[in-house]
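Here's the structure, in structure tokens; my notes come after.
The values are calculated or read from the model by the stated rules, or taken from the named source; none is laboratory data. Keep in mind that this is a model prediction, so the values were computed, not measured. Glycine also receives a Cβ, built like all others from the backbone with ideal geometry; neighbour counts cover every protein chain displayed. For the accessible areas, the whole protein counts, side chains as well, though only heavy atoms, and no ligand, DNA or RNA atoms are used. Shrake-Rupley method; radii C 1.70, N 1.55, O 1.52, S 1.80 Å.
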Amino acid sequence: MRLKLIIIAVLLLAAGSASAQEDFSSRFSVRVGAGLPGSGTEYFTKNVIKTAYGMEAIYGDYTGDLKASPAISLEAYYIRDQWFRFGLDFIYGSYSNQVFSGITNEVRRDRKGQSFIILPTAAVNYYHKNSLSLYMQLGVGAGYYAGFDNMEENVRFDVQFTPLGIEYGRRLFGFAEAGLGTAVSWVRGGIGYRF
């Protein structure tokens with residue numbers, strides 16, 4: 001009798017597990033997105049021209065406008081279940097400006113830099129129904145800031161916290177996020193695919 005109960009319990013557990021797998025069969029997802037650049041803009045411009053007073057402030061060198069690309073992201077995740085996923089977030093940004101002579105207004109040098117950031121990331125869905133998911137996510141990692149001639153060390157600690165993220169769709173989906181971080185600031189959005 002006891003053996004029959006154990007077999008029935010195992011069969012019920014297997015059937016429940018199989019039906020759960022049918023509802024959520026995707027195990028991986030990739031996402032491509034863009035957002036506002038994070039701290040790279042500050043890192044690129046900090047201490048390029050020292051604060052000056054008097055005649056040096058009038059005739060000293062100055063910088064032109066900063067040009068920055070959106071923070072481009074490529075993400076790959078392992079989906080544990082419909083509530084939790086973890087993976088890697090790669091973020092790229094480019095920056096440029098010019099330094100001008102305060103006397104002749106001629107370009108003294110062109111500055112160009114790029115940021116390459118990698119963040120191991122985990123996300124938790126706090127609402128999931130049909131094609132809609134609301135989630136929060138945290139990524140902690142490092143960035144390499146190439147061409148940032150004003151930085152003593154080109155490797156920096158980076159973090160990204162997203163308290164509000166929205167995904168809509170099944171296999172092919174769109175996403176939008178609001179958060180804070182050194183990699184991406186305020187907003188990011190894009191598309192993704194689950195497989």
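Quick look at the numbers
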{"read-out": "Counted charge near residue 61, where neighbours are those whose Cβ lies closer than 13 Å (Asp, Glu -1; Lys, Arg +1)", "value": "+2"}
{"read-out": "Whole-Å distance, taken between Cα centres, linking the stretch 136-163 and the stretch 83-107", "value": "12"}
{"read-out": "C-alpha long axis of helix 2-23 to longest principal axis of the chain, angle in °", "value": "40"}
{"read-out": "In the chain, lysine pairs with alpha-carbon atoms under 23 angstrom apart (chain gap of 8 or more, or interchain)", "value": "5"}
{"read-out": "Within the stretch 89-195, GluC sites (Glu not before Pro) in DSSP loop having at most 11 other beta-carbon neighbours inside 10 Å", "value": "106, 152, 153"}
{"read-out": "Distance between modelled label sites at residue 47 and residue 180, nm, 7 Å Cα→Cβ extension", "value": "2.5"}
{"read-out": "Cα radius of gyration and Dmax for the stretch 142-182 (Å)", "value": "15.7, 46"}
{"read-out": "Approximate shape of the chain as ellipsoid semi-axes (Cα gyration tensor, √5λ), whole Å, largest first", "value": "51, 15, 12"}
{"read-out": "Cα-projected label distance for residue 124 with residue 82, points at 7 Å along beta-carbon direction, nm", "value": "1.8"}
{"read-out": "Ranked order, 91, 118 - accessible area, probe 1.4 Å, largest first", "value": "118, 91"}
{"read-out": "The stretch 49-92 - convex hull of alpha carbons, volume per residue in Å³", "value": "122"}
{"read-out": "Rounded accessible area per residue of the stretch 73-179, 1.4 Å, Å²", "value": "54"}
{"read-out": "The chain - percent relative contact order, Cα under 8 Å, separation 6 or more", "value": "22"}
{"read-out": "CD proxy at 222 nm, helix term only [per DSSP H run n ≥ 4: -39500 (n - 2.57); per residue of the chain; nearest 500]", "value": "-5000 deg cm²/dmol"}
